[in-house]
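The structure appears right after this line, and notes come after that.
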Amino acid sequence: MAQLIKLQDYISRYESNIFHYTGEFIQMKKKNWEGLNKAWKNGGLYEEQEEAVSDESGLLKRIWNRVRNREEEVWEEQEVQPEIPADEEELKIQFLNQLLHFQLKWASTTLQEKSFVDWGYERDDLLKYYLQRFPDTFLLMYEPLVEMKRAVLELDQILIGPDRIDIIVHLDVEEGTIIHPEEGRSWILEESGVRRKIPNPILRLHRSETYVRSVLQTYNHTFPYRKIVLAPGAIFQETVPPYSTEYIGKAEHEDWMNKKRMLKMPLKHSQLKAAQLLMKHARVTSVKAPEWEESE
C-alpha cells in the first residue's frame with residue numbers, strides 16, 4: 001500500500017519527519033496485518049461485543065484511531081462489525097479499506113496541528129487505486145497545492161518511488177476509449193464512434209514537471225523522474241510520446257504496474273530527501289489541534 005504523504009493543502013505527519021514516519025508506517029502495517037490474518041485463520045476475528053478481547057481476537061475491531069503520546073502512535077481498538085470475510089482476499093480488501101482511513105488521518109494531522117478533511121476521499125476510486133495497488137515503498141502526493149513563483153497551483157499526482165518520480169496526469173475516460181494525442185492545445189477522444197476534444201494533458205504535465213525540476217535544482221538534489229499520461233482502460237493511437245514521457249493505456253498498464261510491484265528496492269535516502277523537498281514548498285492550511293485531541 002503506497003503511503004499518502006501529501007493531500008491537497010492539508011498538513012501532513014510526514015512533513016515533520018518523513019524519514020521516521022515512512023518506516024513506522026511499514027512496521028505498523030506489517031504487525032497489524034500479521035495479527036489480523038492469524039486471528040482470521042484461527043477463527044477469532046469477531047467475538048461477541050461483551051466478551052473480553054484477547055491479544056489475538058477481535059483484531060478487526062482494532063481499527064486505527066490515533067492514540068498519541070510523546071513516544072509513539074499505536075492503532076487503538078474501535079468497535080465495528082464488518083462482514084466476516086469469506087477468504088483471505090476479502091480480508092485484505094477490508095484491511096486496506098480500513099487502513100485508508102488511517103492514512104487520511106496521517107495526511108491531515110501532526111501531534112500539534114490538524115487540517116479539516118474532506119472525508120469524501122475515502123470513496124475516491126483514483127486515490128484508492130494508487131494507495132492499494134502500489135507497494136509500501138511508494139510515496140504519493142495527491143492533488144497537492146504547491147507554491148511556485150508566488151502563485152499557488154494544484155497539481156495532479158506525484159508518485160515517488162525508490163528508483164524515480166512519476167509525474168502523472170490521469171485521464172478519466174470510458175473503457176475502450178481511443179485517444180489521439182496531438183501536438184496542439186487539444187487531444188481527440190473517440191468514444192463509441194463519437195469524437196470530442198479535451199485539453200492537452202501534456203500541458204498539465206509540464207506544469208508539474210516545472211515544479212519538480214525547480215525544487216530539486218534549487219537544492220542541488222539529483223533524482224530521476226518521468227512524465228506519465230495514465231488511462232488504464234483506454235487505447236492510445238500509435239504515436240511517439242514527447243521526450244521522457246510515457247502513455248500508459250490498456251496495452252501498457254499491466255506491464256507498468258507489474259514493474260512497480262516487482263521492484264525489490266527498499267526506501268532510499270535520496271527518495272525520501274526528494275519527497276521532503278517537494279513537500280517543503282507545498283501549501284499548508286491547518287489549525288492548532290484542541291488539547292483534548294492532543295491527548296487522545
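The values are calculated or read from the model by the stated rules, or taken from the named source; none is laboratory data. The structure displayed is predicted, hence computed values, not measured ones. Ideal geometry is used to build each Cβ from the backbone, glycine not excepted, and the neighbour counts take in all protein chains shown.
The residue that is farthest from ALA107 (Cα to Cα), counting only those in the range 1-25 that are among the aliphatic types (A, V, I, L, M) and touching a Pro at 6+ places or on another chain (Cβ under 9 Å), is MET1. Filtered by the rule that a residue be hydrophobic (A, V, I, L, M, F, W, C) and over 15 Å from the mean Cα position of the chain (by Cα), the range 12-33 gives PHE19, MET28, TRP33.
Looking across the range 239-282 at every residue that is in a strand (DSSP E or B) and touching a residue at least 40 places away in the same chain (Cβ under 8 Å), the one that is surrounded by the most Cβ atoms within 10 Å (Cβ to Cβ) is identified as ALA282. Quick check: anything in the range 12-28 crowded, with 16+ Cβ neighbours inside 10 Å, under 30 Å from GLN276 (Cβ atoms) and modelled with pLDDT under 90? Scanning the range 12-28, I find no residue that is crowded, with 16+ Cβ neighbours inside 10 Å, under 30 Å from GLN276 (Cβ atoms) and modelled with pLDDT under 90, so the answer is no.
Conditions (1) farther than 23 Å from VAL229 by Cβ; (2) at pLDDT 95 or above; (3) in a strand (DSSP E or B); (4) of a type in the set (Asp, Glu), marked per residue:
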{"position": "HIS101", "(1), (2), (3), (4)": "yes, no, no, no"}
{"position": "LEU127", "(1), (2), (3), (4)": "no, yes, no, no"}
{"position": "TYR130", "(1), (2), (3), (4)": "no, yes, no, no"}
{"position": "MET141", "(1), (2), (3), (4)": "no, yes, yes, no"}
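No other residue among SER208, SER214 is touching a Leu at 6+ places or on another chain (Cβ under 6 Å) and not in a strand (DSSP E or B) apart from SER208.
Among the listed residues GLU122, GLU143, GLU147, which satisfies the condition of being surrounded by fewer than 17 Cβ atoms within 10 Å (Cβ to Cβ) and touching a residue at least 60 places away in the same chain (Cβ under 8 Å)?
Numbers: GLU122 fails: touching a residue at least 60 places away in the same chain (Cβ under 8 Å); GLU143 fails: surrounded by fewer than 17 Cβ atoms within 10 Å (Cβ to Cβ).
From the options GLU122, GLU143, GLU147, the qualifying one is GLU147.
Here the range 283-295 is the region considered, the condition is being in contact (Cβ under 8 Å) with a residue 40 or more places away in the chain and among the hydrophobic types (A, V, I, L, M, F, W, C), and the residue that is surrounded by the fewest Cβ atoms within 10 Å (Cβ to Cβ) is VAL287. Residues in the range 164-214 that are in contact (Cβ under 8 Å) with a residue 40 or more places away in the chain, touching an Asp or Glu at 6+ places or on another chain (Cβ under 8 Å) and of a type in the set (S, T, N, Q): 2 in all. For the range 219-228, indicate whether the set of residues that are charged (D, E, K, R), assigned to a loop (DSSP other than H, G, I, E, B) and either touching a residue at least 40 places away in the same chain (Cβ under 8 Å) or surrounded by fewer than 20 Cβ atoms within 10 Å (Cβ to Cβ) (or both) is non-empty. Within the range 219-228, none of the residues are charged (D, E, K, R), assigned to a loop (DSSP other than H, G, I, E, B) and either touching a residue at least 40 places away in the same chain (Cβ under 8 Å) or surrounded by fewer than 20 Cβ atoms within 10 Å (Cβ to Cβ) (or both).
Among the candidates ILE188, ILE179, which residue alone is surrounded by fewer than 16 Cβ atoms within 10 Å (Cβ to Cβ), part of a strand (DSSP E or B) and on the phi < 0 side of the Ramachandran plot? Give the derivation first.
On the way: ILE179 fails: surrounded by fewer than 16 Cβ atoms within 10 Å (Cβ to Cβ).
Going through ILE188, ILE179 in turn, just one is surrounded by fewer than 16 Cβ atoms within 10 Å (Cβ to Cβ), part of a strand (DSSP E or B) and on the phi < 0 side of the Ramachandran plot: ILE188.
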